[in-house]
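To keep things clear, I will list the structure first and then write my remarks on it.
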Amino acid sequence: MLSHKHQVLDVRTPKEFEQGHIPGAINLPFFTNEERVIVGTIYKQQGRQPAILKGLELVGPKMKDIIETVNKIENRGCFLLYCWRGGMRSSSVAWLLSTYGHKVYTLKGGYKFYRRNVLETFEVKKNIVVLGGKTGSAKTYILKKLEEKGEQVIDLEALAKHKGSSFGSLGETQPPSQEQFENLLADKLKSVSTEKICWIEDESHLIGTKVIPKPFWEQMRSTKVLYIDISLHERAKFLVEEYGKFSIDELKQATLRIKKRLGGQHAKAAIEALDKGDLQTACEINLSYYDKAYLHGLSKRNKETIETKTFDTLDIENIANEIIKWKK
């Protein structure tokens, strides 16, 4: 939420920034990845003052470039700077920018303080309702429609850049690191009002390779579930539309990744269906595995927390309207 009020500048190295940063921050490296290693080594071997001198030697020629880069950034009135612990890197850049005439603040405690706050965010109870349903129930699209209608929604798959199955990486861009996934989720949670329901899709603790933080995962597992019951045929038809744009080879590779769980004969039949261009049959075969897996996870919930609504057709607009009625 910090980046909603100020333009945030992360003065750590590109490597540190890639690992995790405040959402919305712009990377303005004080040191390159290699320079930080050099200065850190001198600090350990020779002490603080030699390390400072080396840092000045490395940064001095870049001071003009730093100011020119910042001059091109919309500042929303002021800049908020941070490094790892709110120490020398952020204070040095803050001095440089303020000397030039920019209004600048530094984040006390730096990124380390921010990360502690992120982890604490997952402990805060929210008014969550889980939208459940077997694979192919278009839960993500239903959530988007609910959001369009003014509902609070957190789309975990969008944050993880993965749709949650063996096919989930198809069409997605580079996923964030685990740390950045947590930062993005915390940023969303901080904007959620506890006075209103927040809808979230039913997920396993893993979305691709991203792990849902345990305290928040436990909230998801103990809260109410609205289970959307859609027929196998309707779900397979939706998946054909969703994944039919990808090559047969990509679909075969995704099917082969679940070969053991699908079973040799089922996997073979699915591959044969794909070779024939019969995506509907291939989807229905794959769903035999995903349905069992989903129902197994659902069976571990308290039955009293689950309510089912059955729909004959996968009409996203109608389903969203019925969900809003159910909420009231």
Note to self: If amide hydrogens are placed 1.01 Å from N in the peptide plane, which non-local residues have theirs closer than 5 Å to the one on Ala25?
What the structure shows: none
Next item on the list: Starting from the Cα-Cα distance between Leu295 and Phe246, subtract it from 0.36 nm times their residue separation and give me the gain in nm to one decimal.
Entry: 14.9 nm
Next item on the list: Rounded to the nearest Å, what's the spacing between the alpha carbon centres of the range 235-295 and the range 137-210? Just the number, please.
Entry: 24 Å
Next item on the list: First measure r as the distance between the Cβ atoms of His233 and Glu18, then evaluate 1/(1 + (r/R0)^6) with R0 = 45 Å and state the FRET efficiency to the nearest 0.05.
Entry: 0.55
Notebook entry, point to check: If you average over every viewing direction, what projected area does the convex hull of the Cα atoms of the range 2-119 give, in nm²?
Noted result: 7.2 nm²
Notebook entry, point to check: The list (1) 19.8; (2) 20.6; (3) 16.2 gives values of mean projected area of the Cα convex hull in nm², and only one came from this structure; which label was calculated from it?
Noted result: (2)
Item checked: Using alpha-carbon coordinates, inclination of helix 178-190 to the longest axis of the chain, degrees -> 80 degrees
Notebook entry, point to check: Can you list the residues, at least 5 places off or on another chain, whose amide H is less than 5 Å from the amide H of Val153, using H built in the peptide plane?
Noted result: Trp199
Check: Could you give me the ³J(HN,Hα) list for the range 91-99, computed from phi with Karplus coefficients 6.51, -1.76, 1.60 and θ = phi - 60°, whole Hz, x at Gly and Pro?
Finding: 5, 5, 5, 4, 4, 4, 5, 5, 4
Next item on the list: Mind running the shape call on the range 254-317? Use the C-alpha gyration tensor, a ≥ b ≥ c as the square roots of the eigenvalues: rounded below 1.5 for a/c, prolate if a/b tops b/c, oblate otherwise.
Entry: oblate
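Do any GluC sites (Glu not before Pro) in the range 1-70 lie in a loop, going by DSSP, with at most 12 other beta-carbon atoms within 10 Å of their beta carbon, and if so which? List each step's numbers first, then the result.
Numbers: sites: Glu16, Glu18, Glu34, Glu35, Glu57, Glu68; in loops: none.
Passing both the DSSP loop test and the Cβ count: no residue.
For a quick protection proxy, order the peptides 88-94, 286-292 by their average other-Cβ count within 10 Å, most packed first.
Result, highest mean Cβ count within 10 Å first: 88-94, 286-292.
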Note to self: Please compute the contact order of the range 1-63 in relative form: average sequence separation of alpha-carbon pairs under 8 Å and at least six residues apart, divided by the residue count, as a percent.
What the structure shows: 26 percent
Check: Loop-only check: which trypsin sites (Lys or Arg not before Pro) in the range 113-156 are DSSP coil with at most 13 other Cβ within 10 angstrom?
Finding: Lys125, Lys149
Item checked: Taking the range 124-327 and dividing mean pair separation by its residue count, relative contact order in percent (alpha carbons under 8 Å, at least six apart) -> 31 percent
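None of the figures in this text is laboratory data; all of them are computed from the coordinates on show. Everything numeric in this text was worked out from a predicted model, so none of it was measured. Virtual Cβ from ideal backbone geometry, glycine too; neighbours counted across all protein chains shown.
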